[in-house]
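What follows is a set of notes on a single structure, which appears directly below.
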Amino acid sequence: MLHLMASNVLQTSIELIFMEKQQGSTVKAHSSLAEVTKKDLNDNLDVYYVRVKRAISAYIVGSGLDADDLTQETFLKAFRSIDSFAGASSVYTWLYRIAKNTCIDAMRKQKTRGDKKHVEFDEELLESGQILDGDIEERERDSLLKKALSNLNEEMRLLIVLKHLQQMKYDEISEITGLETGTVKSKLFRARIQLKEELTKVGYEL
C-alpha cells in the first residue's frame, strides 16, 4: 500500500537524521525520555503514520495539498526535535500538535503564493477506514461529507477531526488547541451545528 511505501521512505530519512545527530553530538547523552520516545516512534511508526495521515487528510480536505508530504514532514520534524519532548502529553498528542502546525504553515504558504487548487473530493480520506469497501453509495456519501467538512473554517474543522475522526478526549483537544476545556465543548457544539448545515446544503441525507 502507498502508506507503507511512504513510511519506508520516512524510515530511511529518520535513520539519516539519527546518523547526523550522532555525528554532530557532544559527549552529553540523550535523555532517557528521548530514548524511550525514539524507540516508541520507531517501533510503532506504521501505526502512528496511518493515524497522523488520516488526521492530516481530513484537516486539509479541499486544499489540494499532499497528505503524504505533510505526514512525512511531520515525522521528520518530530524526530529532529525529539529531545524537546517533555512527556507532558502522549506521544500521539505531541505528534498531532506538530502535524497541525505543519498543515497551518503549508496552507498559509499556499495562500501567500495564490496557488490553491480546490479538490472537491479528496481521495486521501478513502484510506482512512471511515468508508465501507467498494460500496458506490457509501463513497458518494463520503465525498459529500468531505465536501461539507471542507466548507468549515479551520478551527471548526480541526475540532471535528480531533473529536470525531481521532476520537480524542476533551483534555487532549484542549492541549493541542490551547483552548480551555469548556471552550472546546462550546466551540465543538457550534461546529457540529455548522457541519450539519453544510451537510444539508450538499445534499447529504442525515
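Would you work out which of L145, G182, L199 lies farthest towards the positive end of the dipole of the range 135-206? Charges go on Cβ: Lys and Arg +1, Asp and Glu -1.
G182
Structure shown: which of K53/K169; K38/K77; K53/K185; K39/K169; K53/K77 lie over 23 Å apart, alpha-carbon to alpha-carbon?
Working: K53/K169 19 Å; K38/K77 13 Å; K53/K185 25 Å; K39/K169 25 Å; K53/K77 15 Å.
The pairs that break the limit, which is 23 Å between Cα atoms, are K53/K185; K39/K169.
Where a number appears in this text, it was derived from the coordinates with a stated rule and is not lab data. Predicted model only: the values in this text are computed from it and were never measured. Neighbour counts are summed over all protein chains in view; Cβ atoms, including those assigned to glycine, are modelled from backbone coordinates with ideal geometry.
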